[in-house]
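As structure tokens, the structure follows; a few thoughts come after it.
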Number of protein chains: 2
Amino acid sequence: MATGASVATVKYYRREGLLPAGVKTSPNQAQYSAEHVRRVRLIRALLETGGLSVAAAGRVLGRVDDEGAPVEHVFAEAQHAMGDASASNAVPSAGSVERIGELAARAGWAVSDANPGIVQAALALDGFAAIDATVSDAYLSGYAAAAAVAAGADMDLLDSRDDRAGVAELMVVGTVLGDPLFAGLRRLAQEQASSRARPGGAGSRAVDA
Amino acid sequence: MATGASVATVKYYRREGLLPAGVKTSPNQAQYSAEHVRRVRLIRALLETGGLSVAAAGRVLGRVDDEGAPVEHVFAEAQHAMGDASASNAVPSAGSVERIGELAARAGWAVSDANPGIVQAALALDGFAAIDATVSDAYLSGYAAAAAVAAGADMDLLDSRDDRAGVAELMVVGTVLGDPLFAGLRRLAQEQASSRARPGGAGSRAVDA
DNA sequence: AGTGATGGGTAGTGTTACTATCCGATAGTG
DNA sequence: CACTATCGGATAGTAACACTACCCATCACT
């Protein structure tokens, strides 16, 4: 298979409902199209690179496949899937939640209380608090500005498709893979920024230990 | 315990070497200081919010505790830990790697080949390719600009400490928790951007279904 | 002296993402 | 037309991981 998954794994995905059944030509023969291959590659990307669980991927893809579901719901499901991927069931402190709310207000964002990003960002703040580190408003504003830039790019990208299925798929991929894309680029930018701040020590020298 | 972990869990962390042993006053009594409580909270943040594995957290904290290790090594270890958290052992396509390299060059970043961000970003690009979506240079440049802003904020934050232990810890937290912080904020910014682009449909409405 | 907690170690548990095997039916081959 | 290799589908097993429950010897406290 040229999909990065073994036959057994593909069967497993079918059982979990991530993959629609092929057109059955007879009780034991089914026809799998190029669309199925595409879907398997998408699943692998969501799981391996995006870090989604099989269950979460199933929920998201279910929305994508549901022609009656508005794309906003697809979007919301993808956002929730990413929130559940990390954070599990931890509850952030009220103070951090409030600070994120203030940050959003300062940035001029109208945000629903149900947005899973609030919990995720607040939990990150709690992590800083865990080592008694105080994060400055400047730091948070920097991150908020970066997030606004990325979100703008996300929206522009969606304009490249206009069919419902294409938009839904791209929405999912953009939401899920935008995080690792940014994370990777931040590593690169950090190396550059670090070598400028502390000349002589490459930020990402290989660890030889 | 006010650390978010049960006694049994703390014992487990000790066995795994994430937590130094307390000062033993007798064969079955040990003294645990506030420093230990702090450490446990840090571990919880790295695992729950940062998504690190126990093993990865152990490697990173080992570097932090090693007074002889230069902070650049702490940094590199933290970066690798995040890379391993997602992506597992997948190999990106050469084309994507090359495109990320070009993007870094265009941004003026001097980047080592060993930087784990390359693989992570390239894998994300491969995910877009999986659904035959083409990502524009404008999109990538937007993300690169956002990454540069965030990395700059990261560096500024480090200036708030000057002792080696403090810098190392903050470096780890910043590297590990910066990802979910940004991810959460991006969700918020997406909701705003989406509601502006498609008025009437809130991007993150609760899913009732 | 007695009781209950503590540190330390071993073994077990629940979850997740596969993976190996089995089965009946059928497609292709000679 | 027989025969074997392969396929779809289902069941059960596996490996990794993050705990968690239990046991035991020792010790603090009353």
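Bear in mind that the values in this text are calculations on the coordinates, not laboratory data. Every value quoted in this text rests on a predicted model; they were computed, and no experiment measured them. Virtual Cβ from ideal backbone geometry, glycine too; neighbours counted across all protein chains shown.
Can you tell me the 0 to 90 degree angle between the C-alpha axis of helix B:94-107 and the longest principal axis of chain B, rounded to 10?
Value to nearest ten degrees: 90.
Enter the per residue convex hull volume of the stretch B:55-134, computed from alpha-carbon coordinates, in Å³ rounded to the nearest integer.
93
For the stretch B:1-149, what is the relative contact order in percent, using Cα pairs closer than 8 Å and at least 6 residues apart in sequence?
Once normalised by length, the contact order is 16 percent.
First measure r as the distance between the Cβ atoms of B:Ala30 and B:Asp156, then evaluate 1/(1 + (r/R0)^6) with R0 = 51 Å and state the FRET efficiency to the nearest 0.05.
Efficiency for this residue pair is about 0.85.
In chain A, once you exclude exposed GluC sites (Glu not before Pro) (DSSP loop, at most 16 other Cβ within 10 angstrom), what's the longest stretch remaining?
Counting only loop sites that pass the neighbour cut-off, the longest clear stretch is A:68-209.
I need the inter-copy label distances for B:Gln31: point set 7 Å along Cα to C-beta, values in nm with one decimal, smallest first.
7.9
Evaluate the distance, in nm, between pseudo-label points positioned 7 Å from the Cα of A:Tyr12 and of A:Arg196 along their respective Cα→Cβ axes.
Placing both labels 7 Å along Cα→Cβ, they lie 4.5 nm apart.
So which residue of B has the beta-carbon closest to the axis that swings B onto A, and how many whole Å away?
Of all Cβ atoms in B, the one closest to the rotation axis yields B:Ala146, 2.
Using alpha carbons only, how many degrees (0 to 90, rounded to 10) separate the axis of helix A:116-130 from the longest principal axis of chain A?
40
Among A:Thr49, A:Thr175, A:Thr134, determine the one that fluctuates most according to a GNM of chain A built with springs between C-alpha atoms less than 10 Å apart.
Residue with maximal mean-square fluctuation among A:Thr49, A:Thr175, A:Thr134: A:Thr134.
Once the label point is set 7 Å along the Cα-to-beta-carbon vector, what list of distances in nm do you get between A:Ala105 and its counterparts in the other copies?
4.8
Put the label 7 Å from Cα along Cα→Cβ for B:Ser141; what are its distances to the other copies, in nanometres, shortest first?
In nanometres, ordered from closest: 2.6.
Over all directions, average the projected area of the Cα convex hull of the protein assembly as shown and note it in nm².
Mean orientational projected area (the protein assembly as shown, Cα hull): 22.2 nm².
Compute, for the stretch A:60-209, the length of the dipole vector about the Cα centre, with Cβ point charges of +1 (Lys, Arg) and -1 (Asp, Glu) only. Units Debye, rounded to 20.
That gives the stretch A:60-209 a dipole magnitude of about 820 debye.
Please list, in chain and number order, the residues 5+ apart from B:Ala30 or on another chain whose amide H is under 5 Å from its amide H, with Hs placed from the backbone.
Distant-sequence amide H within range of B:Ala30: B:Thr25.
Please report the base-10 log of the normalised intensity I(q)/I(0) for chain A, using a Debye sum with one equal scatterer per alpha carbon and no solvent, at each q in 0.07, 0.08, 0.11, 0.17 (1/Å).
-0.29, -0.38, -0.68, -1.28
Helix A:54-65 against the longest principal axis of chain A: what's the angle in degrees, Cα atoms only, rounded to the nearest 10?
70
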